[in-house]
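Have a look at the structure below before the remarks.
The values are calculated or read from the model by the stated rules, or taken from the named source; none is laboratory data. Small disclaimer: the values here were computed from a predicted structure and weren't measured. Reconstructed Cβ throughout: ideal geometry from the backbone, glycine too, with neighbour counts over all protein chains shown.
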Amino acid sequence: MVPESEHPDHQGTIAQAPPIMMTPAAPAAARPISRISAARAAIREFFAAELGAREIRITKIAPLDHGSDGWEAETEILVPNLKVKMLNLPLTQEVFEIEYYAVELDADLSVRSYGPLGENED
């Protein structure tokens, strides 16, 4: 079967669609950052700046119990092994170790306290 536009008896013209005009997209409104996302970002920034953490995994995060707007969290971070670094050996790769920390943030997302967690703590 021959398409109608190629049929020898077809006298119609093929209508062309008008060109599509592309308009620049309006800038997307910045999504407001949730409080928990802001707390996560503050924790990541703190451990990267203070301890030189290469990777930060937040394993637990929750509002503080004592009525403030702060946060408490537990993290697993990957940091350079300081004992190996102090030896000043010519290494082809950096040696890392995993450390576990608890951290508390104030309502303004500044670190109130932090400290290492024992391996057996939950």
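Say we look at the stretch 96-113 and pick out the residues that are touching a strand residue (DSSP E or B) at 6+ places or on another chain (Cβ under 7 Å) and surrounded by fewer than 13 Cβ atoms within 10 Å (Cβ to Cβ); which of these is farthest from LYS60 (Cα to Cα)?
In this case the residue turns out to be GLU97.
Could you grab the pairs with beta carbons closer than 7 Å, sequence gap of 6+ or different chains, first residue in the stretch 33-45 and closer than 13 Å to VAL103 by Cα, second one surrounded by 14 or more Cβ atoms within 10 Å (Cβ to Cβ) and not aliphatic (A, V, I, L, M)?
Short answer, once both residue conditions are applied: ALA39/TRP71; ILE43/THR75.
Listed residues SER34, SER5; which is loosely packed, with under 13 Cβ neighbours inside 10 Å, within 15 Å of the chain's Cα centre (by Cα) and at pLDDT below 90?
SER34
Answer yes if at least one residue in the stretch 66-84 is surrounded by 13 or more Cβ atoms within 10 Å (Cβ to Cβ), assigned to a helix (DSSP H, G or I) and either under 19 Å from the mean Cα position of the chain (by Cα) or modelled with pLDDT under 90 (or both), and no otherwise.
Yes, the stretch 66-84 has at least one match.
Could we say that LEU89 is assigned to a loop (DSSP other than H, G, I, E, B) and touching a residue at least 40 places away in the same chain (Cβ under 8 Å) here?
So LEU89 does not fit the description; no.
For a quick check of your reading of the model, give me the residue pairs whose first member lies in the stretch 101-122 and is modelled with pLDDT under 95 and among the basic types (Lys, Arg), whose second is surrounded by 10 or more Cβ atoms within 10 Å (Cβ to Cβ) and in a loop (DSSP other than H, G, I, E, B), with beta-carbon atoms closer than 8 Å and at least 6 apart or on different chains.
Going by the 8 Å Cβ cut-off, the qualifying pairs are ARG112/GLY70; ARG112/ASP106.
Would you mind telling me which numbered condition in (1) touching a Phe, Trp or Tyr at 6+ places or on another chain (Cβ under 8 Å); (2) at pLDDT 90 or above GLU45 fails?
(1)
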